[in-house]
Amino acid sequence: MEAVNLRVLLVDDEPDLLKQGEIFLKMENEELEVETTTSGEEAYQMVENEDFDAIISDYILPDMDGIEILEKLREEGDDVTFIIFTGRDSEEMEKKSLESGADKFLKKGRSPKTLYKKIVEEITASTE
């Protein structure tokens, strides 16, 4: 697969998962520029001040959850690729995520290599 220069924001309140995510995303596409934050509020501010091609956010965050970030961005007309990425297995969460404008709802817990490969494919396809 040809490498594509894309900026990705990864949001999760668990620092170890952020590091793992950054490693696996770059393994799938070494040209990805990955920024990380543990705060929903900080993520929102980052997106307001910088250009990202995709956001991968945990659903549940302590200060502003992934859906709140997504809804604010969509209300502002921002159509950035947005993937909700959560350890919770809930049809209600999935439905709310997609209704709010998420491009994809993915569950943590699968093989990280397979999961992050799928994420990179989604990001690449949605930004072409």
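A quick yes/no check of all residues on (1) hydrophobic (A, V, I, L, M, F, W, C); (2) on the phi > 0 side of the Ramachandran plot; (3) not in a helix (DSSP H, G or I):
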position	(1), (2), (3)
Y59	no, no, yes
M93	yes, no, no
L106	yes, no, yes
A125	yes, no, no
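When the range 108-123 is filtered for residues that are assigned to a helix (DSSP H, G or I) and either open to solvent by less than 50 Å² (accessible area, probe 1.4 Å) or touching a residue at least 12 places away in the same chain (Cβ under 8 Å) (or both), the ones remaining, listed by number, are P112, K113, L115, Y116, K117, K118, I119, V120, E122, I123.
When the range 26-39 is filtered for residues that are in contact with a helix residue (DSSP H, G or I) (Cβ under 8 Å, 6 or more places away or on another chain) and at pLDDT below 95, the ones remaining, listed by number, are M27, E28, N29, L32. The single condition among (1) small (G, A, S); (2) surrounded by 13 or more Cβ atoms within 10 Å (Cβ to Cβ); (3) over 11 Å from the mean Cα position of the chain (by Cα) that S57 does not meet is (3). Residues in the range 65-91 that are more than 14 Å from the chain's Cα centre (by Cα) and either at positive phi or open to solvent by less than 10 Å² (accessible area, probe 1.4 Å) (or both): G77 alone.
Scan the range 29-40 and give yes if some residue there is among the acidic types (D, E) and part of a helix (DSSP H, G or I), otherwise no. Checking the range 29-40: not a single residue is among the acidic types (D, E) and part of a helix (DSSP H, G or I). Looking only at residues in the range 1-28 that are in a loop (DSSP other than H, G, I, E, B) and exposed (fewer than 13 other Cβ atoms within 10 Å of the Cβ), the one that is nearest to the chain's Cα centre (by Cα) is N5. When each of E48, E35, E31, E75 is tested for being of a type in the set (D, E) and in contact with a strand residue (DSSP E or B) (Cβ under 8 Å, 6 or more places away or on another chain), the lone residue that passes is E35.
The values are calculated or read from the model by the stated rules, or taken from the named source; none is laboratory data. Given the structure is predicted, the values throughout are model-derived calculations rather than measurements. Cβ atoms come from the backbone with ideal geometry, glycine included; neighbour counts cover every protein chain shown. These area figures cover heavy atoms from the full protein model, side chains too; ligands, DNA and RNA do not enter into them. Shrake-Rupley method; radii C 1.70, N 1.55, O 1.52, S 1.80 Å.
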